[in-house]
């Protein structure tokens, strides 16, 4: 029985490894086609990655319409810069970098006061938390109320699992600054959520 | 007493660590992939299928206008600085300030520049108030001209994003704006020294 299980487990691993390789091959092939201006291939890449990119934009902006704009901008920029993609990083990570740039660019463009007021007003009823289940909604709400710098670092580090160095590179700040912003974010979140922090 | 304080501090540290741990654990459970409420592909497709429009004349107009504005603004400020002949103008080499300048999406500047600009701009209003009304009006007019140039070059870059000349011009214009703001500090130092006497 143990031998059977072992054999099945081994088969399963091989199947999964093969599936992962196929997926990577598919992605690489789609990227090559898209680099040759094949929009159909790019649409498949878009469909495979849009949720992850939109998720990041939504977490970083805390605003649905801005997140939609940033997502579209990120994919437009990705299309324009596709020739520069050499596969040094995973395609999803590369897209994330572009998405972070899109969010930062968008925030800089929204410097005018009326834009900020509009964004804050929309923020109150932005259904960002709808994606999160039960007890995580409080955290998601509190996250949306963080100051921009602290929120960006917390999202990249704590939600998406990037290191301080990676988050710093994406945001154009030093890794020490990223750590300081994370500390600030934690302190503010703990204050908002009560002394005990979120329920886990 | 000290022991008690140390114990309390250790308790606080322990509690903070536990809270931090719970916070990060909870954050890792937040959704990372969220489907947008509407299909965003049509907007992306329209943008990537549209042929890039080369509006050469507006871009060239913007370049020419920006050069004229820059020369005008620089001359005005130089005149203001030199007319009282108080002391030589000290100009910080722009390269020292702009190491981190980079063009990102939307042709905004990098964090190094923003920090430098932010620190100068935060005191600008107060500095301007110290200037004589005529000088202040002249400086404000120059800044307005430079900012108009920045807006024009940005608009031209929207149409012609790969235009290296425009990118360079935008960088120079931002530098010029920062130089003007820094020179205002020099002017107000003169005002203060005259008042002191």
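A few notes on this one:
- Residue order, fewest to most surrounding Cβ atoms within 10 angstrom, among A:93, A:71, A:177: A:93, A:177, A:71
- A crude spin-label estimate for the pair residue B:21 and residue B:37, with each label 7 Å from Cα along the Cβ direction, gives 3.9 nm.
- Here the calculated FRET efficiency for residue A:163 and residue B:119, from their Cβ-Cβ distance with R0 = 30 Å, stands at 0.55, rounded to the nearest 0.05.
- Residues A:75, A:42, A:85, sorted so that the one with the fewest Cβ neighbours within 10 Å comes first: A:85, A:42, A:75
- Cα gyration tensor, region A:29-107 - rounded (a/c under 1.5), prolate or oblate: prolate
- Set of region A:42-68 residues, backbone N closer than 19 Å to the point 7 Å along the Cα-Cβ line of residue A:137: A:59, A:62-64
Every number in this text was worked out from the coordinates using simple rules, so none of it is lab data. As the structure is a prediction and not an experimental result, all values here were calculated from the model. FYI the Cβ positions are ideal-geometry reconstructions off the backbone, even for glycines, and counts take in every protein chain you see.
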